[in-house]
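For reference, the structure discussed in these notes is given below.
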Amino acid sequence: MLRIAVPNKGSLSETAADMLAEAGYAGRRDPKTLHVIDAENDVEFFFLRPKDIATYVGSGAIDVGITGRDLLLDARMPGAREIEALGFAGSTFRFAAPTGRYTDVAELDGLRIATSYPGLVDAFLDERDIAVDLVPLDGAVESAVRLGVADAVADVVETGTTLRQAGLEVFGPVILQSEAVLIAGPTDAEGAETLLRRLRGVMVARRFVMIDYDLPVALLDEAVKIAGGVESPTVSPLRDPEWVAVRVMVARTRVNPVMDALYALGARAILVTAIHNARL
Ligand SMILES: Nc1ncnc2c1ncn2[C@@H]1O[C@H](COP(=O)(O)OP(=O)(O)OP(=O)(O)O)[C@@H](O)[C@H]1O
Ligand SMILES: O=P(O)(O)OC[C@H]1O[C@H](OP(=O)(O)OP(=O)(O)O)[C@H](O)[C@@H]1O
Ligand SMILES: [Mg+2]
């Protein structure tokens with residue numbers, strides 16, 4: 001049975017569980033459940049702290065897992081590697097300090113930096129020969145400067161709201177662009193390929209929609225330039241030989257401009273439908 005680690009709580013847990021459910025796996029009914037056997041799919045789920053998942057997967061105790069790229073790198077487990085970015089929980093990892101105080105990371109030399117990702121920060125600063133006094137905290141790191149235990153922080157930034165509210169601003173380079181990732185251990189586990197293919201199917205379904213429209217056949221080449229699809233659009237005859245029906249996959253983010261352009265070209269009866277799952 002393929003052993004899969006899934007975040008038991010926190011920012012990643014709900015979307016990870018949703019993706020696995022859409023991929024056809026059995027979920028858990030009670031959020032306190034730590035272990036689920038999905039015999040039908042020949043997999044076993046372990047619900048673990050996202051921070052610990054790289055440790056389990058890197059050691060080979062669990063075959064694959066869903067965690068954050070920042071958490072994977074922070075764990076510094078040589079056996080654990082990212083095999084696919086999952087397209088959710090996107091964030092950046094940044095240094096921040098009271099507005100205007102620092103502009104360059106080199107200024108951090110000898111200062112106190114609070115973070116809940118000491119492995120990640122240490123690796124980044126080590127490479128640049130900057131020696132700091134790391135203050136490891138569990139969370140709510142943004143308060144550490146105001147409370148006097150650190151001079152600056154290194155933390156996850158999504159919208160920047162938490163930083164702003166604490167009177168802090170980012171400075172220096174982006175330490176890391178993070179998002180949820182699928183990770184694997186030192187050996188290739190049987191069944192991991194199927195999981196990966198299923199998750200890719202869910203991502204495609206989330207990222208793309210299907211557009212159908214009718215078009216005068218003479219305009220087909222121009223229409224394909226607007227939306228070319230994955231391979232190429234499906235074109236079907238209509239009863240009127242001057243017209244065709246076209247079906248094409250389009251990225252969700254481009255739907256409206258594509259519809260506008262197709263309509264302007266002469267397409268009519270333009271319909272958008274959701275894709276529930278896919279294997280490309
Ligand atoms: N605001 C956010 N936006 C996007 N991703 C986030 C955000 N906060 C945390 N993450 C991501 O979630 C992962 C951390 O999840 P984790 O469950 O450990 O933290 P959490 O959501 O802060 O929960 P906890 O309260 O237990 O600390 C990291 O990969 C991090 O990049
Ligand atoms: O840029 P923002 O949109 O404000 O998001 C970033 C914040 O979100 C997370 O905190 P979380 O709520 O998980 O609390 P924690 O710090 O206790 O982990 C993260 O640690 C940052 O503090
Ligand atoms: Mg947190």
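Applying the set (1) closer than 26 Å to Arg206 by Cα; (2) open to solvent by 70 Å² or more (accessible area, probe 1.4 Å); (3) within 16 Å of ligand 1 (Cβ to nearest atom) to Thr15 leaves exactly one unmet item: (2). Residue count for the range 103-124 satisfying the condition of being within 16 Å of ligand 3 (Cβ to nearest atom) and more than 28 Å from Ala16 (Cα to Cα): 1. Residue count for the range 142-161 satisfying the condition of being more than 20 Å from Glu179 (Cβ to Cβ) and within 16 Å of ligand 1 (Cβ to nearest atom): 4.
The set of residues in the range 128-168 that are acidic (Asp, Glu), open to solvent by 80 Å² or more (accessible area, probe 1.4 Å) and over 19 Å from Arg69 (Cα atoms) comprises Asp129, Asp133.
Can you confirm whether Gly100 is surrounded by fewer than 18 Cβ atoms within 10 Å (Cβ to Cβ), closer than 27 Å to Leu137 by Cα and within 15 Å of ligand 3 (Cβ to nearest atom)? No: the conditions fail for Gly100. For the range 16-26, a residue qualifies if it is touching a residue at least 12 places away in the same chain (Cβ under 8 Å) and not hydrophobic (A, V, I, L, M, F, W, C), and the qualifying residues are Glu22, Gly24, Tyr25. The strands (runs of 3 or more DSSP E) falling completely within the range 173-280 that include 3 or more residues that are of a type outside the set (Gly, Ala, Ser), open to solvent by less than 20 Å² (accessible area, probe 1.4 Å) and in contact with a strand residue (DSSP E or B) (Cβ under 7 Å, 6 or more places away or on another chain) map to 180-184, 208-216, 243-251.
Take Ile183 and tell me if it is within 12 Å of Phe95 (Cα to Cα), in contact (Cβ under 8 Å) with a residue 40 or more places away in the chain and touching a helix residue (DSSP H, G or I) at 6+ places or on another chain (Cβ under 7 Å). Here the answer is no, as Ile183 does not meet what is asked.
I'd like to verify a number: residues in the range 76-90 that are open to solvent by less than 30 Å² (accessible area, probe 1.4 Å) and more than 20 Å from Gly201 (Cα to Cα), how many?
Number satisfying all stated conditions: 2.
May I ask you to verify whether Ile270 is over 30 Å from the mean Cα position of the chain (by Cα) and either closer than 30 Å to Asp18 by Cα or modelled with pLDDT of 95 or more (or both)? Taking the combined requirement at face value, the residue satisfies it.
The values are calculated or read from the model by the stated rules, or taken from the named source; none is laboratory data. Please read all numbers here as calculations on a predicted model, not as lab measurements. Neighbour counts are summed over all protein chains in view; Cβ atoms, including those assigned to glycine, are modelled from backbone coordinates with ideal geometry. Surface accessibility is based on the protein's heavy atoms, side chains included, excluding ligands, DNA and RNA. Shrake-Rupley method; radii C 1.70, N 1.55, O 1.52, S 1.80 Å.
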